[in-house]
Amino acid sequence: QVQLVESGGGLVQAGGSLRLSCAASGRTFSSYAMGWFRQAPGKEREFVGSIDRSGGIKYYADFVEGRFTISRDNAKNTVYLQMNSLKPEDTAVYYCAADRSPDGSRRANDYDYWGQGTQVTVSS
């Protein structure tokens, strides 16, 4: 069992930055690939990015366009999402998720555990 708690969301102006954190409970964090997803009102949850167990393999959604960076610190049981050059269309609830597979996935159904989400609002 893994419990995930996101933090770092908030209100930011367009062009600004935020760093989201996701803290995991338990001693098996390094056994999971981690992903970030987001869901805007009235839209389906969509993949943002993922990182493998060791942090060496990362995947991003096309809309990221080099603005976001995923990283992890296995000693701190934490995964991060650094978001720069934020746009109003990035407004959503952001979720982290844990996947037992080694490399991570773009598909939400592949993830085993989810956090409660953190709201990111980007004003124009």
Leaving out ligands, DNA and RNA, and with a 1.4 Å probe, what % of the accessible surface on the chain is carbon or sulfur? 45
At 1.567 mPa s and 4 °C, Stokes D of the chain from Kirkwood alpha-carbon radius, µm² per second: 92
Mind ordering 76-84, 49-57 by average Cβ neighbours within 10 Å, highest first? 76-84, 49-57
Could you work out the local net charge near residue 78, counting Lys and Arg as +1, Asp and Glu as -1, over the other residues with Cβ closer than 12 Å to its Cβ? +1
Around residue 103, under 14 Å between beta carbons, what's the net of Lys plus Arg minus Asp minus Glu among the other residues? +3
So between residue 124 and residue 39, what do we pick up on full extension, going 0.36 nm a residue minus the alpha carbon distance? 28.7 nm
No solvent, one uniform scatterer per C-alpha: report log10 I(q)/I(0) for the range 53-122 via the Debye equation at q = 0.14, 0.22, 0.27, 0.28 1/Å, two decimals. -0.47, -1.22, -1.57, -1.58
Under a 5 Å amide H to amide H cut-off, with H placed in plane at 1.01 Å, what residues pair with residue 49 once short-range neighbours are removed? 36, 61
Can you give me the three principal axis dimensions of the range 82-124 from its C-alpha atoms, in Å, biggest first? 38, 19, 16
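The values are calculated or read from the model by the stated rules, or taken from the named source; none is laboratory data. Predicted, not measured: the structure shown is a model, and the values here were computed from it. Virtual Cβ from ideal backbone geometry, glycine too; neighbours counted across all protein chains shown. The protein model used for the area step is the full one, side chains on, heavy atoms only, and it has no ligands, DNA or RNA in it. Shrake-Rupley method; radii C 1.70, N 1.55, O 1.52, S 1.80 Å.
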